[in-house]
Amino acid sequence: MRMRSEFEKNSAQFDYFSKNYEAFEDDFYEVAKVTVPLAFLTDDILKMMVAGGLNFFKLSRDYTSDGRDYYFLFERSAQNDNPQVTNFKYLRRAKGQKPAGEGLQVAK
């Protein structure tokens, strides 16, 4: 499977022990209507962003408390001591349509 091999080859992680990750958790749980804890979804979210070369993911209206789409935006960067590892630092949540340009990038 391409997504799995690309994810294993190019490790990725959230900055779990930071204030911005706490903000991500708070923002996610504020709008998410899911029965699975975020901790069990993070690997799938990372795999999807790495495989797509994205710095955001969409939480579809089917899984939100208010029936709107939400986008969670991250800053994507390589670790200083290990450039093979991609870090995702949470920036913000956007409601509705995918924000045009600002904050959205495709990895090169």
Selection within segment 68-85 - open to solvent by less than 40 Å² (accessible area, probe 1.4 Å), of a type outside the set (Val, Ile, Thr) and assigned to a loop (DSSP other than H, G, I, E, B): Asp69
Test: residue in segment 20-27 that is open to solvent by 40 Å² or more (accessible area, probe 1.4 Å), modelled with pLDDT under 95, closer than 19 Å to Ala94 by Cα and in a helix (DSSP H, G or I): no
Boolean, Glu30 is within 14 Å of the chain's Cα centre (by Cα) and at pLDDT 90 or above: no
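Inside segment 38-66, can you point out the residues that are more than 19 Å from Ser77 (Cα to Cα), of a type outside the set (A, V, I, L, M, F, W, C), open to solvent by 40 Å² or more (accessible area, probe 1.4 Å) and outside any strand (DSSP E or B)? Quick ask: steps written out before the conclusion?
Taking segment 38-66 and keeping what is more than 19 Å from Ser77 (Cα to Cα), we get 38-41, 58-66.
If we keep only those that are of a type outside the set (A, V, I, L, M, F, W, C) too, we end up with 58, 60-66.
The next check asks that each one be open to solvent by 40 Å² or more (accessible area, probe 1.4 Å); those that pass are 58, 61-63, 65-66.
Listed by number, the residues that qualify are Arg61, Asp62, Tyr63, Ser65, Asp66.
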Qualifying residue in segment 1-10 (condition: touching a helix residue (DSSP H, G or I) at 6+ places or on another chain (Cβ under 7 Å), at pLDDT 85 or above and either surrounded by 12 or more Cβ atoms within 10 Å (Cβ to Cβ) or in a loop (DSSP other than H, G, I, E, B) (or both)): no
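The values are calculated or read from the model by the stated rules, or taken from the named source; none is laboratory data. Predicted model, so just to flag it, every value in this text is computed and none were measured. Heads up, the Cβs are rebuilt from the backbone with ideal geometry, glycines too, and the neighbour counts pull from every protein chain shown. These area figures cover heavy atoms from the full protein model, side chains too; ligands, DNA and RNA do not enter into them. Shrake-Rupley method; radii C 1.70, N 1.55, O 1.52, S 1.80 Å.
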